[in-house]
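One structure is given here, and the rest of the page talks about it.
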Amino acid sequence: MAIEKTASKQLVIASGRAHQALAQEVADILDTELVPVTAYDFANGETFVRYERSVRGVDAFIIQAHPNPINHWLMEHLLMIDAMKRASAKRITVVAPFFPYARQDKKHKGREPISARLVADLYRAAGATRLMSVDLHSPQIQGFFDGPVDHLWALPLLADHIAATFGTENLMVVSPDSGRVRVADIWADRLGTSLAIVHKRRDPDRPNQVEVNEIVGDVSGRDCLLVDDMIDTGGTILAAAKALKANGAARVIVAATHGVLSPPAIERLSDPVIDSVVVTNTLPITPDKEFATLTVLSIAPLIAKAIAAVFYDDSVNSLFPGHA
């Protein structure tokens with residue numbers, strides 16, 4: 001007896017507990033619902049997850065943010081992937097807007113791990129077949145995952161907001177350090193502005209402490225746009241902003257994709273030398289992290305478009321013309 005079945009695809013979006021508001025916004029844009037998930041922690045800290053309806057044969061996208069405590073949310077993410085695999089999902093895409101451990105992508109000294117590679121291996125071992133993330137700390141992380149990687153850019157979203165809010169006539173893009181010059185150059189090309197560089201030195205034995213040495217470029221009287229992929233404690237940004245104002249900058253605007261905002265970031269970013277800070281919601285911006293000069297843009301439309309492109313086997317690179 002022959003068995004016939006019409007080929008069909010079913011989209012399923014699941015969310016971890018770290019940033020459910022973002023996942024819900026993505027689901028709303030795609031006109032679907034989040035799959036019901038039961039998740040809780042036992043008294044000893046172990047995490048339990050269970051999908052409350054069948055996910056057999058689905059094309060699953062599991063969204064999880066990774067704020068503090070990052071290890072807890074990473075473990076929950078891995079468990080959700082494993083549960084989806086054991087429930088016979090056809091394809092599992094990890095959606096990690098802020099890739100955990102991304103800054104540990106190489107060895108600075110001997111006897112150190114390459115933690116970003118380990119995280120990619122863990123995702124793969126758990127059962128993920130595809131990875132989606134926003135503004136990886138370094139592009140090489142794409143090669144750590146043994147499968148397709150969709151590297152999304154928040155630059156168009158942030159740049160369009162900056163241009164509409166502050167204009168570009170007096171704007172100058174500034175790289176906060178030599179390592180971000182390539183990204184800052186792309187920003188400058190997009191906005192049609194000139195480029196300056198803050199030269200700094202960082203002691204590898206003293207984390208989160210920065211010393212600014214000099215500025216390459218004339219910033220006098222200019223509106224300076226400091227661009228970076230993330231703001232953690234804010235030390236790099238504040239030191240750069242002070243140096244720019246000391247060299248005659250009219251305004252200092254900060255734009256970054258990931259607002260990690262670990263203490264004492266709020267205090268530092270609230271300093272009068274910084275006129276405005278713009279980030280996206282790849283990480284949850286809780287009320288205790290809000291301050292007067294902060295603007296948060298939603299990354300949900302971009303993630304939703306990328307999910308739709310993957311689900312319908314369309315090009316994700318087409319979302320970023322000129323940067324494919």
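The values are calculated or read from the model by the stated rules, or taken from the named source; none is laboratory data. Not measured: the values here are computed from a predicted model. For neighbour counting, all protein chains shown are included, and Cβ atoms are generated from backbone atoms with ideal geometry for every residue, glycine included. For the accessible areas, the whole protein counts, side chains as well, though only heavy atoms, and no ligand, DNA or RNA atoms are used. Shrake-Rupley method; radii C 1.70, N 1.55, O 1.52, S 1.80 Å.
Say we look at segment 106-150 and pick out the residues that are of a type in the set (D, E, K, R) and under 20 Å from Val183 (Cβ atoms); which of these is least open to solvent (accessible area, probe 1.4 Å)?
Asp150
Would you check which residues across segment 282-303 are farther than 25 Å from Asp31 by Cβ and either surrounded by fewer than 17 Cβ atoms within 10 Å (Cβ to Cβ) or out of contact with any helix residue (DSSP H, G or I) (no Cβ under 7 Å at 6 or more places or on another chain) (or both) and list them?
Across segment 282-303, the qualifying residues are Leu283, Ile285, Thr286, Pro287, Asp288, Glu290, Phe291, Ala292, Thr293, Leu294, Thr295.
Need the failing condition index for His72 against (1) more than 24 Å from Ile231 (Cα to Cα); (2) in contact with an Asp or Glu (Cβ under 9 Å, 6 or more places away or on another chain), just the number.
It is condition (1) that His72 fails.
Where in segment 20-78 are the strands (runs of 3 or more DSSP E), entirely inside, with at least 1 residues that are open to solvent by less than 20 Å² (accessible area, probe 1.4 Å), touching a strand residue (DSSP E or B) at 6+ places or on another chain (Cβ under 8 Å) and more than 24 Å from Pro263 (Cβ to Cβ)?
Of the strands (runs of 3 or more DSSP E) lying wholly inside segment 20-78, those with at least 1 residues that are open to solvent by less than 20 Å² (accessible area, probe 1.4 Å), touching a strand residue (DSSP E or B) at 6+ places or on another chain (Cβ under 8 Å) and more than 24 Å from Pro263 (Cβ to Cβ) span 59-63.
Do the conditions hold for Ile162, that is, is it assigned to a helix (DSSP H, G or I) and touching a helix residue (DSSP H, G or I) at 6+ places or on another chain (Cβ under 6 Å)?
no
Looking at segment 189-201, can you tell me whether even one residue there is in contact with a strand residue (DSSP E or B) (Cβ under 9 Å, 6 or more places away or on another chain), at pLDDT 95 or above, charged (D, E, K, R) and part of a strand (DSSP E or B)?
no
Among Ile92, Ile81, which is the only one that is crowded, with 21+ Cβ neighbours inside 10 Å, assigned to a strand (DSSP E or B) and free of Cβ contacts under 8 Å to residues at least 60 places away in the same chain?
Exactly one residue qualifies, and that residue is Ile92.
For a quick check of your reading: which strands (runs of 3 or more DSSP E) sit entirely within segment 210-281 and have at least 2 residues that are open to solvent by less than 20 Å² (accessible area, probe 1.4 Å) and more than 19 Å from Thr165 (Cα to Cα)?
223-231, 251-259
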